[in-house]
Amino acid sequence: MHNAEWRIGEIDFSKLPFHPRSLEDILLVIDNANGTAKSILGYDLERCRESYWYNHNFLSTEGHFIKPVVLIRTPDNYVTVLDGNHRLAALFSLGANNFKGLQWWLGV
């Protein structure tokens, strides 16, 4: 990762090939916000839920992320989330196709 070249840009997040583990993390944040993650994990993630709803409300009101998400492209051509699972969970639950021009940092 320290050898990655970093660039900032805008992308349609609905078309990114997320790494399965990153997608699983994003979906778990959504499940937690809906109250179903506790049954999966066996414990409550209140802070995670608060962060999700904060980002959900910010994105739905302002139309952009509070700060760009940070992603890195893996050797197998997936995108892994380094910072931004709660922002992306909010985006996915609001409908990624409804938002254009959202910023990201991408390491390649």
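We did not get these values from a lab; they are worked out from the coordinates using the rules stated. Worth saying up front: this structure is predicted, and the values here are computed from it rather than measured. Reconstructed Cβ throughout: ideal geometry from the backbone, glycine too, with neighbour counts over all protein chains shown.
Can you find, within segment 40-92, the residue that is surrounded by the fewest Cβ atoms within 10 Å (Cβ to Cβ) among those that are among the β-branched types (Val, Ile, Thr) and without any contact (Cβ under 8 Å) to a residue 60 or more places away in the chain?
Ranking the candidates gives 61 first.
Take the residues in segment 64-92 that are more than 15 Å from the chain's Cα centre (by Cα) and not polar (S, T, N, Q), then tell me which one is farthest from residue 16 (Cα to Cα).
75
Which of the residues that make up segment 98-108 are without any contact (Cβ under 8 Å) to a residue 40 or more places away in the chain and under 12 Å from the mean Cα position of the chain (by Cα)? First the steps, then the outcome.
In the first step, residues of segment 98-108 are kept if they are without any contact (Cβ under 8 Å) to a residue 40 or more places away in the chain; the result is 98.
Selection gives nothing.
For segment 50-65, does any single residue satisfy the condition of being of a type outside the set (S, T, N, Q) and closer than 23 Å to residue 5 by Cα?
Within segment 50-65, one or more residues are of a type outside the set (S, T, N, Q) and closer than 23 Å to residue 5 by Cα.
If we scan segment 17-26, do we find a residue that is loosely packed, with under 15 Cβ neighbours inside 10 Å, under 20 Å from residue 103 (Cα atoms) and either more than 10 Å from the chain's Cα centre (by Cα) or of a type in the set (S, T, N, Q) (or both)?
Yes: segment 17-26 contains one or more residues that are loosely packed, with under 15 Cβ neighbours inside 10 Å, under 20 Å from residue 103 (Cα atoms) and either more than 10 Å from the chain's Cα centre (by Cα) or of a type in the set (S, T, N, Q) (or both).
Checking residue 95 against (1) surrounded by 11 or more Cβ atoms within 10 Å (Cβ to Cβ); (2) within 15 Å of the chain's Cα centre (by Cα), which test does it fail?
Failed condition: (1).
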